[in-house]
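Bear in mind these aren't lab numbers, they're just calculated from the coordinates by the rules spelled out. Note that the structure is a prediction, hence the values are computed from the model and not measured. Quick reminder, even Gly has a Cβ in these numbers, built from the backbone with ideal geometry, and neighbours come from all protein chains shown.
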Number of protein chains: 2
Amino acid sequence: MTIEEMAEKIAAGDRRALARAITLVESGRADHREQAAELLEALKGTGRQAIRVGLSGTPGVGKSTFIESFGCMLTGKGLKVAVLAVDPSSTRSGGSILGDKTRMERLSRDPKAFIRPSPSQSQLGGVARRTREAIALCEAAGFDVVLIETVGVGQSETMVAEMADIFVLLLAPAGGDELQGVKRGIMEMADLILVNKADGDLKPAATRTCADYAGALKLLRKRPQDPQGFPKATMVSALEEAGLEKAWDEMMALIEWRRENGFFEGTRAQQARFWFGEEVRRAMLARLETEAARKALSELGDAVAEGEITPARAAQTVLKRVNEG
Amino acid sequence: MTIEEMAEKIAAGDRRALARAITLVESGRADHREQAAELLEALKGTGRQAIRVGLSGTPGVGKSTFIESFGCMLTGKGLKVAVLAVDPSSTRSGGSILGDKTRMERLSRDPKAFIRPSPSQSQLGGVARRTREAIALCEAAGFDVVLIETVGVGQSETMVAEMADIFVLLLAPAGGDELQGVKRGIMEMADLILVNKADGDLKPAATRTCADYAGALKLLRKRPQDPQGFPKATMVSALEEAGLEKAWDEMMALIEWRRENGFFEGTRAQQARFWFGEEVRRAMLARLETEAARKALSELGDAVAEGEITPARAAQTVLKRVNEG
């Protein structure tokens with residue numbers, strides 16, 4: 001299949017072509033990178049946009065169940081839903097948070113849904129580029145909503161927030177009346193906080209937790225991209241499929257307001273500019289990853305460690321070799 | 001003055017040549033960088049080593065008074081002492097933590113001491129390189145001890161710890177019995193905690209704080225580079241010049257043990273290797289700082305933001321221009 005054929009099939013909504021294309025953008029091989037760039041450039045013409053929803057939540061908040069229920073609710077409305085995952089831990093564990101599709105059995109069988117497990121990657125920077133490119137492919141394939149799931153660790157949330165139109169934080173009801181150790185930085189990124197498990201015995205705790213977070217959100221500095229009442233905290237029960245419509249309505253209300261006020265396109269433009277800069281920096285540093293560069297770094301590193309040469313002079317030598325090679 | 005002459009003068013302990021050389025390594029100009037590299041390479045031959053003491057402490061713990069008293073105690077023993085400062089905040093404030101030498105009046109008049117204010121810099125990475133190079137210059141000039149002072153904010157402590165033989169954390173007596181909000185990561189870097197102001201009314205609080213930290217240090221994971229009893233917490237009074245000899249003895253005991261057990265040279269080698277890698281990465285990224293590169297980044301950034309070109313293709317274009325230019 002040529003790149004042109006692949007682009008045509010993706011634009012026609014062919015899921016196998018989409019899956020193959022995502023595998024292509026996940027590859028680090030130079031020829032694959034060139035093909036991926038060509039493919040993305042070819043698909044730019046579709047002009048399609050999905051709503052990109054970043055979703056974060058630590059293990060135990062019921063993220064899979066939420067995505068299953070929420071995703072099925074959306075497909076029930078006739079919307080096409082893609083689910084992507086960013087899991088920085090999968091590098092170490094070898095696993096992946098969405099690898100086991102049995103966790104979302106209904107959604108994975110849904111013809112209007114597309115679930116892609118997170119690849120095991122070596123670097124968060126690489127994960128970022130591949131996820132952004134997978135989003136672009138899903139948009140070109142005509143998906144209406146792209147859910148980008150991440151676990152609440154490290155820098156992955158910031159990264160997902162930087163590629164999403166709205167960032168949703170999923171929480172479980174807290175045991176006491178304290179906030180659940182959610183870092184302030186994460187709170188400040190959230191557009192919508194969803195307190196899950198608002199069902200059965202946990203309902204009173206969910207109500208209290210939701211009120212606590214609503215209060216905490218009010219104390220944050222007002223952001224220009226938010227209308228009155230946002231960021232907001234509300235309750236859902238993924239298990240009982242309750243509150244999901246309301247959550248979606250809140251997301252849509254926010255997005256509509258942002259579209260009307262120029263923040264939707266403005267944020268996307270700023271995000272594109274940011275990722276372009278990151279990509280350039282990564283590509284510059286990738287020149288230190290070639291075999292010749294690694295060899296120079298290792299040999300001169302030894303000489304530096306032995307005190308035979310100063311770091312400054314050794315660095316000049318490496319750069320000369322890299323730039324000439 | 002040629003670089004060769006400058007090197008000779010520095011090796012002979014000429015303080016004015018040393019001051020000029022530090023100004024040279026602080027410069028970002030390409031020709032100055034080349035001269036600095038030449039100078040450092042020329043001075044490598046002296047083979048002199050100082051004891052590099054990293055010193056951190058938030059404003060209010062009495063850092064200046066401590067450096068003044070501690071430095072004078074060391075010069076009183078016949079040791080030559082250089083004081084350098086790393087102040088990431090000086091970029092913004094325009095000031096510098098050691099700019100006002102009147103804060104260390106006695107030490108600044110001491111012929112065996114050399115105090116260098118922190119330069120105002122644009123980037124922590126730049127500060128790191130310049131500080132390391134200033135350390136190397138002070139060592140070549142025959143100083144026995146180099147104190148590298150930093151304030152307890154951001155990444156500057158990690159940076160100073162990565163260029164010091166021992167890392168000392170200076171604290172003030174705590175009000176209650178709680179630990180003073182010292183971040184765990186900083187605690188884990190410390191070789192020695194000094195509780196200052198163990199004098200007058202504050203002595204009981206200092207005693208309690210010191211015991212609290214001694215307890216907290218015992219709970220940290222044992223590090224291979226520490227002998228029995230380290231890291232350690234002890235009390236000083238910079239005001240009354242009490243406990244300074246003991247603090248110095250502790251430092252020397254630790255350094256002797258590390259020398260005998262291969263950790264002193266081992267850590268230096270590992271630090272040199274680390275800084276060499278950092279320098280190479282910085283130099284690669286510096287290629288994006290030229291006027292032509294900035295122009296390409298700005299123009300293509302606009303095109304990316306407008307959706308006219310994908311970030312991947314735009315990045316390729318910039319790199320092509322940078323590598324050809």
Nearest 10 degrees is fine. How inclined is helix B:124-140 to the longest principal axis of chain B, computing both from alpha carbons? 60
With runs of 4+ DSSP H residues as the only contributors, calculate the mean residue ellipticity of chain A at 222 nm using -39,500 (n - 2.57) per run, divided by the residue total and rounded to the nearest 500. -16500 deg cm²/dmol
Links that overshoot a 23 Å alpha carbon limit, given the list B:K44/B:K232; A:K44/A:K246; A:K197/A:K232; A:K63/B:K183; B:K63/B:K203: B:K44/B:K232; A:K44/A:K246; A:K63/B:K183
May I ask you to list the lysines whose Cα is less than 22 Å away from that of A:K295, ignoring any residue fewer than eight positions away on the same chain? A:K320
Summarise the partner chain shielding of A:298-304 as one whole number: the mean count of Cβ atoms from other chains within 10 Å of each residue's Cβ. 4
Let me know the mean shielding of B:312-321 by other chains, meaning the per-residue number of their Cβ atoms within 10 Å of its Cβ. 6
Averaged over residues of B:281-290, the number of beta carbons from other chains lying within 10 Å of each residue's Cβ is 4
Taking the 0 to 90 degree range and rounding to the nearest ten, how far is the long axis of helix B:203-218 tilted relative to the main principal axis of chain B, both from C-alpha atoms? 60
Yeah, region B:48-261 with a ≥ b ≥ c from its alpha-carbon gyration tensor (a/c under 1.5 is rounded, else prolate when a/b outruns b/c, oblate otherwise) is rounded
For chains B and A related by rotation, which residue of B has the Cβ nearest the axis, and what is the rounded distance in Å? B:M284, 2
Net +/- balance of residues flanking A:W275 in space, Cβ distance below 11 Å, scoring K and R +1, D and E -1: +2
Loop-only check: which trypsin sites (Lys or Arg not before Pro) in region A:186-269 are DSSP coil with at most 11 other Cβ within 10 angstrom? A:R221, A:K222
